[in-house]
Amino acid sequence: MLEKAKQRLKSEKLSYPSGDSAKDYYQQALVIAPDNPEARKGLQQVADRYAALARQSLSKQRKMKAERYITQGLAVAPGHEGLKLQRDLRNGRQQQSTSPNKVEDIFDRLNPGD
């Protein structure tokens, strides 16, 4: 099951097709073994990939596509800080300030524990 999940992740089948995606296989592995670290890490990687795709879309001014990636990623990992930050930026809730304190705050949100 985890091998299929890795294959789907590698081939960018993150959440689709339903029932045969990286997300589905990692979630199935967690049903069998809720503390499986490899499955948890895999779901994090799926969310990380959605975050990267959202960033790429935003940089190309493809806002609707970015919003879909953010939504899909948060469905996989609701607490993903990078996706939450992108959602906030996309929704215009983040201040436009680039003061050193603001930059540090953003860095801390994206890199917890560093």
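The values are calculated or read from the model by the stated rules, or taken from the named source; none is laboratory data. What you see is a predicted model, and the numbers here were worked out from it, not measured in a lab. Cβ atoms come from the backbone with ideal geometry, glycine included; neighbour counts cover every protein chain shown.
Worth pointing out:
- In region 16-43, the residues that are polar (S, T, N, Q), within 22 Å of Thr71 (Cβ to Cβ) and assigned to a loop (DSSP other than H, G, I, E, B): Ser18, Ser21
Condition check ((1) among the charged types (D, E, K, R); (2) within 16 Å of the chain's Cα centre (by Cα)) across all residues:
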| residue | (1), (2) |
| --- | --- |
| Lys4 | yes, no |
| Leu9 | no, yes |
| Asp20 | yes, no |
| Gln28 | no, no |
| Ala33 | no, no |
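- Selection of region 1-10 for residues being part of a helix (DSSP H, G or I) and either of a type in the set (A, V, I, L, M, F, W, C) or closer than 17 Å to Leu74 by Cα (or both) yields Leu2, Ala5, Leu9.
- Given (1) part of a helix (DSSP H, G or I); (2) within 30 Å of Leu89 (Cβ to Cβ); (3) of a type in the set (D, E, K, R), index of the condition Lys13 fails: (1)
- From Asp48, Asp24, Asp20, residue being closer than 21 Å to Gln86 by Cα and of a type in the set (Asp, Glu): Asp48
- Helices (runs of 4 or more DSSP H) contained entirely in region 57-112, each with at least 1 residues that are at pLDDT below 90, in contact with a helix residue (DSSP H, G or I) (Cβ under 8 Å, 6 or more places away or on another chain) and polar (S, T, N, Q): 81-90
- Looking only at region 14-48, residues that are of a type in the set (Lys, Arg) and crowded, with 18+ Cβ neighbours inside 10 Å come to 1 in all.
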